[in-house]
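K.L.:
Below is the structure I would like to discuss, written out as structure tokens.
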Amino acid sequence: MTAVGIDAIEIWTGKLALDLAETFAPAKDDNPEKYTKGLGLRASSFPDTYEDIVTMGANAAKRLMDRKGLEPDDIGRIDVATESAFDNSKPVSTYIAGCLEDVYDGDFHHANKGERKFACVAATQSVDDAYNWIKAGRNRGRAALVIATDTALYARGDPGEATQGAGAVAMLVDEDPSLVEISTEQGYGSADETDFLKPNQQFPSVDGKRSVKVYLARMREALEDFESVAGRTHPDDFAYIPFHTPFPGMVRKAALLGFRHMTRDTDIEDGLEGEIGRQPRQDDYEDWDAYEEAIREYMDLLKETDTYDTWYARAIDPTLTLSRQVGNWYTGSVHVARVSALKAAAETGRALSGERLLVGSYGSGAQAEMHAETVADGWREEVEALDFEEQLSRRYDLSFEEYGRVHDAHNHEKEREREEFTVPSGEFVFTGWGRMNERTYEYVE
């Protein structure tokens, strides 16, 4: 059966940066370690005033198409995942297609276009849609373009303000992929939750403590469901495990939970028995509360072991490098984590072809998905073609006062002049509004 997966990937980060330790923490009169160690973040990316979800998505897509030598006729569908949409009818994919048609010969009139919404899991769902479309034989030899693009802003003073971010990830889903082949098996954990939502509002309403609990619960369910079709998982099965990363501190919790689950009744649990004992079994406790308390005590011991620390440093920490510099990209988050891991492997000279990733996606509201990916032979060439570090180094460092002006400029309820902090070059930019209040764009050479 023909392999289907991600053939290429490109990233576009917002062109402004807010240093959390040096700029945000002092203005908030906070200890910088609240952000650098607690949240695990160093900086956040923000869009300049001529950037938005359309320009970032179109710029990432253009970079991908240019690098792969693609024309519009090579693309059979364009799916955009976002939770930052500004139109309740017209999908962002049509705006992005319109931008691209301004710079390429031909058009996307033949392409199916859509917009996915399920908080941060929507981009993975869009990849699934593209995978199924190709596997069903409906693609007529064409590839799918999946774009995750978001501006993750919180209201000023909100506890989530430090986790903001903005950027886009463009992925080409095709047969015989060069980057990763996606597994047929998937696992889901889904429930009606109110951990994070935007009921007819731009900035989210968040129950922070509940959000962490829901995230962990749905991830556990997704892993168990994945195992029900793919078989038991073991920590040594996967080179890396990219998780949805609203902030790296959240991933630390998910990783510990996953490691405990995967090591239960394994050689690893046997090896740890003399150091921290065996994992608690529910049948050994009179009630659920006592069992949960025993689990918490075990996990506190587990995270201090060399065994866990070594695995975390190998399989998890490399997935967080880029997120620490850009913050939360909502739908793009887990896909940034994948890139981060693959770039780490390339930089260390690791031979990764044929090894597997376990990808854990999550969206509030709430749903998690687990699937495996096998690294393809062309992965290194694809990853080394990315210039993500160069993009990060070119970001304009905002003062706290400038950050406030940028935040206001992207607040839908405020009227502000579009003061620019950087000069656009070779990219799509937002230019204003048209006769029907639609947003307008142009390409700046």
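K.L.:
Mind listing the Cα extents of segment 330-388 along all three principal axes, in Å, largest one first?
P.N.:
In descending order, the Cα extents are 39, 25, 16 Å.
K.L.:
GNM on the chain, C-alpha springs below 10 Å: top fluctuator among E415, E224, E427?
P.N.:
Maximum fluctuation in the GNM of the chain, among the listed residues, is at E415.
K.L.:
Which of these values of Cα extents along the principal axes in Å was calculated from the structure shown: (1) 69, 58, 42; (2) 63, 62, 39; (3) 60, 52, 52?
P.N.:
Checked against the structure: label (1).
K.L.:
What shape does segment 193-275 have by the C-alpha gyration tensor, where a ≥ b ≥ c are the square roots of the eigenvalues, rounded means a/c under 1.5, and otherwise prolate means a/b greater than b/c and oblate the rest?
P.N.:
Prolate.
K.L.:
If you don't mind, there's one more thing I want to ask. Which angle from 0 to 90°, rounded to the nearest 10, does the C-alpha axis of helix 122-135 make with the longest principal axis of the chain?
P.N.:
Tilt relative to the chain: about 80 degrees.
K.L.:
Give me the 1.4 Å probe accessible area per residue for the chain, excluding ligands and nucleic acids, in Å².
P.N.:
Averaged over the residues of the chain, the accessible area is 42 Å².
K.L.:
Quote the Stokes-Einstein diffusion coefficient, in whole µm² s⁻¹, for segment 245-290, based on the Kirkwood radius over alpha carbon pairs, a temperature of 37 °C and a viscosity of 0.692 mPa s.
P.N.:
The calculation lands on 265 µm²/s.
K.L.:
Related question: Quick one: angle between helix 288-302 and the longest Cα principal axis of the chain, in degrees between 0 and 90, rounded to 10, please.
P.N.:
Computed tilt is about 80 degrees.
K.L.:
Let me ask something else about it. In whole Å, what is the distance between the alpha-carbon centres of segment 24-65 and segment 134-170?
P.N.:
If we compute the Cα centre of each part, the gap is 14 Å.
K.L.:
Considering the dipole of the chain built from charges on the beta carbon (Lys and Arg +1, Asp and Glu -1) around the Cα centre, which of G40, N112, S190 is farthest to its positive end?
P.N.:
So the residue furthest toward the plus end is N112.
K.L.:
Take the alpha carbon gyration tensor of segment 390-440, find the square roots of its eigenvalues, order them as a ≥ b ≥ c, and report rounded if a/c is under 1.5; if not, report prolate when a/b exceeds b/c, else oblate.
P.N.:
oblate
K.L.:
Over the chain, with a Gaussian network built from C-alpha contacts below 10 Å, which listed residue (V206, V169, V383) shows the highest mean-square fluctuation?
P.N.:
Maximum among the listed residues: V206.
K.L.:
Separate question: Could you look at the chain and say what percent of its accessible area is carbon and sulfur, using a 1.4 Å probe and all protein chains?
P.N.:
Carbon and sulfur atoms account for 43 percent of the accessible area of the chain.
K.L.:
Now a separate question. Looking at the square roots a ≥ b ≥ c of the eigenvalues of the Cα gyration tensor of segment 98-242, which shape do they give, rounded for a/c under 1.5, prolate if a/b is larger than b/c, or oblate?
P.N.:
In terms of gyration-tensor shape, oblate.
K.L.:
Radius of gyration and Dmax for segment 339-427's Cα atoms, expressed in Å?
P.N.:
Final numbers for Rg and Dmax: 19.5, 52 Å.
K.L.:
While we're looking at this one, here's another question. Going down the list K34/K303; K90/K117; K62/K414, which pairs span over 22 Å between their C-alpha atoms?
P.N.:
Flagged as over cut-off: K62/K414.
K.L.:
Taking only C-alpha pairs under 8 Å that are 6+ residues apart, what is the relative contact order of the chain in percent?
P.N.:
In percent, rounded to a whole number, it is 25.
K.L.:
On a 0 to 90 degree scale, rounded to 10, what angle separates helix 306-315 from the longest Cα axis of the chain?
P.N.:
20 degrees
K.L.:
Report P(r) for segment 242-354: all Cα-Cα distances, bin width 10 Å, range 0 to the bin holding the largest distance, values in whole percent.
P.N.:
For segment 242-354, the pair-distance distribution reads 13, 36, 30, 17, 3, 0.
The values are calculated or read from the model by the stated rules, or taken from the named source; none is laboratory data. Keep in mind it's a predicted model, so treat the numbers as computed, not measured. Glycine gets a Cβ as well: all are built from the backbone with ideal geometry, and neighbour counts include every protein chain shown. Heavy atoms of the whole protein, side chains included, go into the accessibility calculation; ligands, DNA and RNA do not. Shrake-Rupley method; radii C 1.70, N 1.55, O 1.52, S 1.80 Å.
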